[in-house]
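Worksheet: one structure, shown below.
Read the figures in this text as sums done on the coordinates, not as results from a lab. Here the structure is a predicted model, which means the values were calculated and not measured. Heads up, the Cβs are rebuilt from the backbone with ideal geometry, glycines too, and the neighbour counts pull from every protein chain shown.
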Amino acid sequence: MGQEVIEDIRKDYVYDLIEQGKRADGRGFLDFRDITVERDLIKKADGSTRVQIGDTVVLVGVKVEPGAPFPDTPNKGVLMTNAELVPLASPEFESGPPGENSIELARVVDRGIRGSETIDLEKLCIEEGEKVWMVFIDIHTLDNDGNLVDAAALGAIMSLLNVTIPYEQYGLTGEDTLQIRDTPVAVTVVEIGGNLLVDPNVYEESAATSKLTVISNADGSISGLQKSGSSGLTEEKIVKMIEIGIEKAREIREKYLPKI
Amino acid sequence: MYKVVVPGDCISTEVNRAGEGTYVEDGNVYALKYGVVDDRGTIKVVALSGKYMPVNGDVVVGKIAEISFPYWIVDIASPYEARLHKSEFGRGEKIDFGNMCEYLDIDDLIVAKVMNVDVMMRIDLALKNEFKMDGVGRLIEVSPTKVPRIIGRSGSMIRLLKDKCNCFIFVAKNGRIWIKGSSADMDLASQTVMKIANEAHTSGLTDRIALFLDSFKSEKGEG
Amino acid sequence: MKEEKIELIKDGKRLSGRGFEELRPIKIDVGVLKRADGSCYFELGNNKALAAVYGPREMHPRHFQNAKMAVVKYRYNMAPFSVDDRKRPGPDRRSQEISMVSRKALDPVILRELYPKTAIEVYVEVLQSDAGTRTAGINAASVALADAGIPMKDLVSSVAIGKIDGEVVLDLDAKEDNFGEADMPVAMIARTNTITLLQMDGRLKKEEFERGLKIAMTGCRKIYELQRAALVEKYSKSGNEE
C-alpha cells in the first residue's frame with residue numbers, strides 16, 4: 001500500500017481537532033501544505049506543469065492547435081478547459097463520462113483565466129472567420145488528497161506562461177510566445193465549525209460545511225468565485241473568506257509566478 | 001534486514017515447509033506476494049500491503065454501514081462486508097426494524113469477533129463485551145499486514161507502546177487501532193504506530209522504537 | 001500515417017544510436033501515489049506511464065460479480081496532451097482494445113480465486129506517448145499489483161519488437177513505429193517463458209517473426225530484472241533512512 005497509515009476518517013475527529021485550534025498535520029488554519037512545481041515535463045504538450053500540494057498531485061498540459069473559430073467570434077481564438085478526475089487518482093473517482101465534479105473543476109479554472117483576460121484571444125486569430133488558434137488546457141488529476149482546484153489553477157497559469165504557439169509546426173508565421181496579461185491564482189477557503197481554513201486535505205474537505213474558491217489577480221481584483229458545500233454563509237464570513245483568498249493568492253503569486 | 005522478495009522468486013526447495021504467502025511448483029517454493037521472507041518454522045512471505053481477509057476468531061473494529069433487518073451491515077476494512085444479527089443484543093430485547101438504530105446507528109464503531117466465514121464470503125460477527133467505541137479517543141488505520149509488527153513477539157511491542165505512551169491502545173486484526181489518552185499522548189502513540197508501520201520490514205525494530213520513545217520523552221522533559 | 005520514406009537505419013545504427021536489440025532507457029518508481037493501494041511510475045524512453053491498483057474491493061455493479069473469483073478491471077487511458085495532436089478525452093476503440101489485451105496479459109498470474117465476488121482495479125494513465133505505451137502500461141501495472149499486495153505467481157514484463165528498413169529490432173520509438181514495416185508487442189512471464197500478450201501489425205516473414213519473438217523475450221527478461229530491482233529497492237531504501 002502506498003501509505004501505511006491513514007489518519008482517522010471520521011469527520012468528528014477533524015472537527016474536534018479544529019475546535020481545539022489544531023489540524024491533523026500540524027498546520028495553522030491559514031497555512032498551505034508544501035507546494036512543489038515541475039514545469040515542461042511533457043514534451044508533447046506546448047506547456048505543462050506538475051503541481052503537488054501536500055499529497056495532491058495534478059498534471060496540467062496545454063496544447064495549441066489551429067481550428068475554426070466560433071461563428072459569433074470570428075476574430076478570436078478559442079480557449080477550452082477540460083478536467084479528468086481519473087479513477088487512478090482516488091478510490092472515490094469512477095471511470096465513465098465526466099461527472100459534475102470534473103466539470104465544475106474545469107469550469108472554475110476556466111472562469112479564472114477567462115475573467116482575468118489573461119489571454120488576449122484576438123491575438124490568436126490566424127485568418128478571420130476561418131482559422132484561429134485553439135488553446136486546450138487539460139487538467140489530469142493523479143492523486144487526490146484534497147484541494148484539486150487550487151492545484152489545477154496554479155498548474156494552468158504556470159503552463160500557459162510557458163506556452164510556445166507552434167506556428168512553425170503548422171507552416172505559419174507569427175509571434176510564437178503566448179502573451180500572458182495576468183496571473184490569476186485560486187485559493188479555496190473552507191468553513192469547519194465556524195473556523196476558516198485554507199488548502200483543505202481530503203478529510204477536511206469532507207468535514208467542511210461550506211467552501212469558497214476565490215480566484216484573484218495581480219492587482220487584487222477577483223476574476224472567479226465558486227461557492228460549494230451544503231451550508232449557507234453569512235456576508236461577514238464571505239468577506240473574510242475573500243480577504244483570506246486574495247492574501248494567500250498574493251503569497252503564492254510572489255513565490256511561483258513572474259511579475260507581468 | 002529481512003530478505004525482500006517479489007512474486008515468482010524461488011525461495012526454497014523444502015516444499016514441506018512451504019507456508020503462507022508461497023506456492024509450490026516443480027519441487028520449489030516460490031513467493032506468491034511482494035514482501036519479506038520469514039523462515040522461522042514454516043517458510044512464509046509476509047506481505048507489507050494488502051487487504052484484510054477475515055478469519056474465524058479475529059477481533060476487528062467495524063463501522064455500521066447499513067441497517068437491514070435483522071442485520072446490521074458492518075464495514076470491516078475488507079473487500080467483504082460483515083453482518084451482525086440483532087440477537088447479539090440478547091433474546092430479551094425487543095428489537096424490530098424500527099428501533100435497530102437505537103442500539104447501533106450508521107457510522108457507529110464497534111469491536112466484534114468474526115464467528116463464521118462461509119464459502120460465499122458471508123461473514124457473521126459477534127459483539128465483544130466492551131463493544132461500543134462511543135467516539136472517545138482516536139481511530140487510526142494501518143494495513144492489516146502491519147498488525148503483527150505492532151503487536152510484536154508475544155506482545156512486546158504493544159506493551160512498550162502502552163507503557164511509554166501512557167495510552168489505552170487496542171489493535172484489531174483488520175488494521176484499525178483505537179487509541180485513548182490525553183491529546184499529547186495520543187499524538188505520540190499515533191506517530192509511533194506510523195513509524196512501526198513504515199519500518200515493518202526492518203529488523204531490530206522493537207529496540208529502535210524503544211530508543212525513539214525514550215528520546216522523545218527526554219526531549220520533552222528538557223523543553 | 002505513413003508519410004514519405006525516411007531512412008531508419010544508417011551505418012548499422014538506428015536513428016537514436018541504439019543497437020538492434022537495445023532497449024530505450026527505463027526508469028521505475030514504486031509506490032508513488034498516496035491514495036492508491038499500489039502504484040508504479042514507468043518510463044520507457046519518452047513514454048511516461050503511471051499505474052494505480054485499487055482492491056480487491058467490492059464489485060459494482062453487483063451483477064458483474066463472479067462468485068468464484070475476483071474480476072480484474074483494466075483501464076488504459078491517454079492524457080489529452082500525451083500525443084502530438086491533442087487526443088479527445090475518454091475511451092475510444094483503440095484504448096478499449098488495449099485495456100482488454102492488457103488485462104488478459106496479467107490475468108494468468110493473479111490468484112483471482114482467493115477473492116471471490118470482488119474487483120481488482122488497474123488504472124493506467126499514459127502521460128506522454130512515444131510508441132510502446134501498452135507495454136509500458138503492462139510493466140507499470142504488474143509492479144503496481146505487486147505493490148498492492150495482490151497474490152500473484154509472477155510478474156509480467158512486456159516490450160515490442162518491430163521491423164524497420166528490413167531489420168528486426170527491439171522496442172520501436174515513435175519515428176520507427178510510424179515509418180516501420182511491422183510492430184509486435186509481446187508480454188511474458190519471465191520465469192516460465194510464457195507469452196501472455198501477442199499482437200502484430202504490419203508484415204513479417206515467418207523467420208522474422210521467430211527471430212523477433214526471441215529478441216522480445218530477451219527484452220522482457222531484462223525488463224523483469226529492472227521491475228524486480230525497483231520493488232526490492234523500495235523496501236531497502238526506507239530501511240536505510242534511519
A student asked for the Cα radius of gyration and Dmax of the range A:90-213 in angstrom ought to give 17.7, 58
Total charge of the residues flanking residue A:41 in space, meaning their Cβ is under 9 Å from its Cβ, with Lys and Arg +1 and Asp and Glu -1, is +2
The Rg/Rh figure for chain C, Cα atoms and Kirkwood Rh, to two decimals is 0.98
The residues A:121, A:88, sorted from fewest to most surrounding Cβ atoms within 10 Å, come out as A:121, A:88
Volume per residue (Å³) of the convex hull spanned by the alpha carbons of the range B:138-222 is 79
For residue C:85 and residue B:163, extending 7 Å from Cα along the Cα-Cβ vector and measuring point to point gives, in nm, a value of 7.2
Mean per-residue count of partner chain Cβ within 10 Å for B:99-110 equals 0
Inter-chain shielding metric for A:97-104, i.e. average beta-carbon neighbours from other chains within 10 angstrom, reads 1
Expressed as a percent, the portion of alpha-carbon pairs in the range B:59-132 spaced more than 16 Å apart is 42
Kirkwood calc, the range C:114-242, C-alpha pairs only, radius in angstrom 16.0
One point scatterer per Cα, no solvent, Debye formula: log10 I(q)/I(0) for the range A:1-152 at q = 0.09, 0.11 Å⁻¹ comes out as -0.39, -0.56
Once the mean of 1/r over all distinct C-alpha pairs in the range B:103-171 is inverted, the Kirkwood radius in Å reads 14.4
Net charge near residue C:72 (other residues with Cβ under 13 Å of its Cβ; Lys, Arg +1; Asp, Glu -1) is +3
Both in Å, the radius of gyration and Dmax of the C-alpha trace of the protein assembly as shown are 27.7, 91
Taking every C-alpha to C-alpha distance in the range C:171-227 and binning by 10 Å from 0, the per-bin percentages run 22, 52, 24, 2
With only helices counted (DSSP H, runs n ≥ 4, each -39500 (n - 2.57)), the per-residue ellipticity at 222 nm for the protein assembly as shown, to the nearest 500, works out to -8500 deg cm²/dmol
Here, GluC sites (Glu not before Pro) of the range B:1-90 satisfying both criteria (DSSP loop; at most 15 other Cβ within 10 Å) are B:14, B:20
For residue A:178, the net charge from surrounding residues (Cβ-Cβ under 10 Å; K, R +1; D, E -1) works out to -3
A student asked for the Cα radius of gyration and Dmax of the range B:4-47 in angstrom ought to give 8.7, 23
Output ordering of A:67-76, C:189-198, C:92-101 (per-residue mean of other Cβ within 10 Å, highest first) is C:189-198, C:92-101, A:67-76
In vacuo Debye sum over C-alpha of the range A:11-256, base-10 log of normalised intensity I(q)/I(0) at q = 0.12, 0.15, 0.16 Å⁻¹, listed in q order, is -0.68, -1.02, -1.14
Shielding of C:31-44 by other chains, given as the mean Cβ count within 10 Å, works out to 6
With label points set 7 Å from each Cα along the Cα-to-Cβ direction at residue A:103 and residue B:216, the distance between them in nm comes to 4.8
